[in-house]
Amino acid sequence: MALALSKETILDQMKKEGLRHTPQRVHIVELLFDLSHPTADGIYALMAEKFPYVSPMTVYSTLKKLKEIGVVRELTNGNKSSNFELADKDHWHFHCKACGEIYDLESNDPETLMAVGSNNGAFRVDHYRVEYYGLCADCNA
């Protein structure tokens, strides 16, 4: 299952993986806690305000490494850019097809989802992802 994540646990995990704590990388971690499902480009735009000489590659490579070490998840949306979130708990997502906003939804019965996904013990499920697509309340109005 997912980890209980804090800024400190992510920074500790980065250090264990040999990823230095540069001010830019620390700020990327902070933005992941502050923003809801940001894109890499959105993170880069905010980074450039604080660090004018930061390159997009710094953002992309940091997100890639955070994903590899299991503290960030990438949500892909077909041919659109990916969104990122902390990998702290399994939950469902609702994607609005009109405005592009992504909303977190809580599962009513995560144990059942894990059991169904295990196919009577044939598979070992680490985490799950359920996604809904449609119109959010604002766009539906």
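The values are calculated or read from the model by the stated rules, or taken from the named source; none is laboratory data. Just so you know, these numbers come straight off a predicted model, no measurement behind them. Glycine also receives a Cβ, built like all others from the backbone with ideal geometry; neighbour counts cover every protein chain displayed.
Go through (1) surrounded by 15 or more Cβ atoms within 10 Å (Cβ to Cβ); (2) assigned to a helix (DSSP H, G or I) one by one and return the number of the condition ARG73 breaks.
Condition not satisfied by ARG73: (2).
Say we look at region 120-141 and pick out the residues that are assigned to a strand (DSSP E or B) and not hydrophobic (A, V, I, L, M, F, W, C); which of these is farthest from LYS89 (Cα to Cα)? Steps first, please.
So the first thing to find is which residues in region 120-141 are assigned to a strand (DSSP E or B), and the list is 130-134.
Among the residues that remain, those that are also not hydrophobic (A, V, I, L, M, F, W, C) are: 131-134.
Numbers: GLU131: 15, TYR132: 18, TYR133: 20, GLY134: 23 Å.
Ranking the candidates gives GLY134 first.
Do we find that PHE94 is over 17 Å from LEU5 (Cα atoms) and surrounded by 13 or more Cβ atoms within 10 Å (Cβ to Cβ) in this structure? First the steps, then the outcome.
Details: over 17 Å from LEU5 (Cα atoms): yes; surrounded by 13 or more Cβ atoms within 10 Å (Cβ to Cβ): yes.
Yes, satisfied.
Checking the condition part of a helix (DSSP H, G or I) and at pLDDT below 95, which residue from GLU30, GLU8 passes? Even if it seems obvious, please write down each step before you answer.
Values: GLU30 fails: at pLDDT below 95.
Being part of a helix (DSSP H, G or I) and at pLDDT below 95 holds for just one of GLU30, GLU8, which is GLU8.
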